[in-house]
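The values are calculated or read from the model by the stated rules, or taken from the named source; none is laboratory data. Since the structure is predicted, the reported quantities are computational estimates derived from the model, not experimental observations. Heads up, the Cβs are rebuilt from the backbone with ideal geometry, glycines too, and the neighbour counts pull from every protein chain shown. Just so you know, the surface numbers come from the protein's heavy atoms only, side chains and all, with ligands and any DNA or RNA stripped out. Shrake-Rupley method; radii C 1.70, N 1.55, O 1.52, S 1.80 Å.
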Amino acid sequence: MNNVDLNLLLALDVLLTEGSVTGAARRLGLSSSAMSRTLARLRSATADPLLVRAGRGLVPTPRAAELRDQVHELTRDVRTVLSPQTRQLDVASLERTFTIRANEGFIELFSAPLVVAVMEAAPRVRLRFAPKPVKDASPLREGRIDLEIGVLGAFAPEVRTQSIFRDKFVGAVRVGHPLLTGPVTPERYAACKHVVASRKETFTGPVDSALEQFGLRREIVAVVPGHPDAMRIARQSDLVALVPRSCLGMPSADALTEGLTSFELPVRTPEIVISAMWHPRVDADPAHRWLRDTVMAVCRAAAPPW
């Protein structure tokens, strides 16, 4: 295959169509001598004269006549493959299953409006929401998931990203908690006992770094897998939970927040930027682009206004 020159295929198509070296040269923008050299290469490659002189013109050999239609179809296919896609995506008839990997908070807050939007625009498209136990780019690279939703952090360098919305951490305690009897200062906040949510089962985070600026350290007595778990524990104890504010806007938030009060943290913590991530191999795919645009539009419309 290293010796195959597709330009010869295109030249052969024009030569067989024109039946003339001069005419073929004019169409391809070449000199007659260059076109003659190309014909010589074609004769060598096919071991056939292809075009032979008959009077003042050229006529195809039986081999050339046999190849004419096949060569024309091949060149048409090559041009199609090597040209930009111009076919418009028909979303209404699109049949495809997209897998979106996200944490339970995102699924709780956005899955319902996203499914409704997809069903209305593309009734034959199916969405599969996959759990997100760890940050790992392998499923994106291998095509096992189509879109990753979450905090960017350290990820594969080639992965494409686009921010969807911003969130922030707040504190959550039971109604009547002693912390709320006065101003929530860094000292009073750190003096409480805390419950945190962490998939990595770690005991520290940005809040702890902020408290260190004041020479303070909070006591974490429980680590749970998800923020809803932390909210349930805070509601039934004197532990202070740290949760994204978006958790308070979940469809099931009434059950989770009943008996809870949220408050602004007494220290500054970085914003939480929720992003969509996908592999560059699907960047130009019209169907995947439609999925990304739909996710962006639905999430930005449904995200609680902070």
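Scanning segment 191-207 turns up no residue that is open to solvent by less than 20 Å² (accessible area, probe 1.4 Å), in contact with a Pro (Cβ under 8 Å, 6 or more places away or on another chain) and not in a loop (DSSP other than H, G, I, E, B).
Could you list all residues from segment 184-213 that are of a type in the set (Lys, Arg) and within 30 Å of residue 102 (Cβ to Cβ)?
Step one: list which residues in segment 184-213 are of a type in the set (Lys, Arg), which gives 188, 193, 199-200.
Of everything in segment 184-213, those that are of a type in the set (Lys, Arg) and within 30 Å of residue 102 (Cβ to Cβ) turn out to be 199, 200.
Select from segment 165-177 the residues that are surrounded by 12 or more Cβ atoms within 10 Å (Cβ to Cβ) and not small (Gly, Ala, Ser) and list them in ascending order. 165, 166, 167, 168, 169, 170, 173, 174, 177, listed by residue number. Hey, does segment 82-104 have a residue that's in contact with a Cys (Cβ under 9 Å, 6 or more places away or on another chain) and charged (D, E, K, R)? The answer is no; no qualifying residue exists.
Against the definition (closer than 17 Å to residue 5 by Cβ, part of a helix (DSSP H, G or I) and touching a residue at least 40 places away in the same chain (Cβ under 8 Å)), how does residue 39 come out, yes or no? No. Scanning for something open to solvent by 50 Å² or more (accessible area, probe 1.4 Å), farther than 30 Å from residue 258 by Cα and in a helix (DSSP H, G or I), does segment 144-164 turn up at least one residue? Looking through segment 144-164, none of the residues is open to solvent by 50 Å² or more (accessible area, probe 1.4 Å), farther than 30 Å from residue 258 by Cα and in a helix (DSSP H, G or I). If the condition is being under 28 Å from residue 243 (Cα atoms), free of Cβ contacts under 8 Å to residues at least 24 places away in the same chain and either in a helix (DSSP H, G or I) or among the acidic types (Asp, Glu) (or both), then segment 93-143 contributes 107, 111, 115, 116, 136.
Could you identify the single residue in 146, 136, 90 that is in contact with a strand residue (DSSP E or B) (Cβ under 6 Å, 6 or more places away or on another chain) and more than 30 Å from residue 44 (Cα to Cα)? Outline the logic, then answer.
Working: 136 fails: in contact with a strand residue (DSSP E or B) (Cβ under 6 Å, 6 or more places away or on another chain); 90 fails: in contact with a strand residue (DSSP E or B) (Cβ under 6 Å, 6 or more places away or on another chain).
Just a single option satisfies the conditions, and that option is 146.
Could you go through segment 121-139 and let me know if any residue there is more than 17 Å from residue 293 (Cα to Cα) and of a type in the set (Ser, Thr, Tyr). Within segment 121-139, one or more residues are more than 17 Å from residue 293 (Cα to Cα) and of a type in the set (Ser, Thr, Tyr). Scanning segment 267-283 for residues being more than 11 Å from the chain's Cα centre (by Cα), open to solvent by 30 Å² or more (accessible area, probe 1.4 Å) and not basic (Lys, Arg) gives a total of 4. When the residues of segment 60-81 are filtered to those that are touching a helix residue (DSSP H, G or I) at 6+ places or on another chain (Cβ under 9 Å) and open to solvent by 60 Å² or more (accessible area, probe 1.4 Å), the one that is modelled with the highest pLDDT is 63. For segment 179-190, enumerate the residues that are open to solvent by 60 Å² or more (accessible area, probe 1.4 Å) and either under 16 Å from residue 233 (Cα atoms) or not in a helix (DSSP H, G or I) (or both). Listed by number, the list holds a single entry, 183.
Among what's in segment 8-33 and is touching a strand residue (DSSP E or B) at 6+ places or on another chain (Cβ under 8 Å) and not β-branched (Val, Ile, Thr), pick the residue that is nearest to residue 68 (Cα to Cα).
Quick first cut of segment 8-33, residues touching a strand residue (DSSP E or B) at 6+ places or on another chain (Cβ under 8 Å) only: 15-16, 19-21.
Pick out the ones that are also not β-branched (Val, Ile, Thr) and you get 15-16, 19-20.
Values: 15: 10, 16: 6, 19: 11, 20: 14 Å.
So, considering only residues that are touching a strand residue (DSSP E or B) at 6+ places or on another chain (Cβ under 8 Å) and not β-branched (Val, Ile, Thr), the one nearest to residue 68 (Cα to Cα) is 16.
Looking at the structure I just gave you, is residue 269 part of a helix (DSSP H, G or I) and farther than 22 Å from residue 138 by Cβ? Taking the combined requirement at face value, the residue does not satisfy it.
When 20, 93, 44 are screened for being of a type in the set (Ser, Thr, Tyr), more than 30 Å from residue 200 (Cα to Cα) and open to solvent by 60 Å² or more (accessible area, probe 1.4 Å), only 44 passes.
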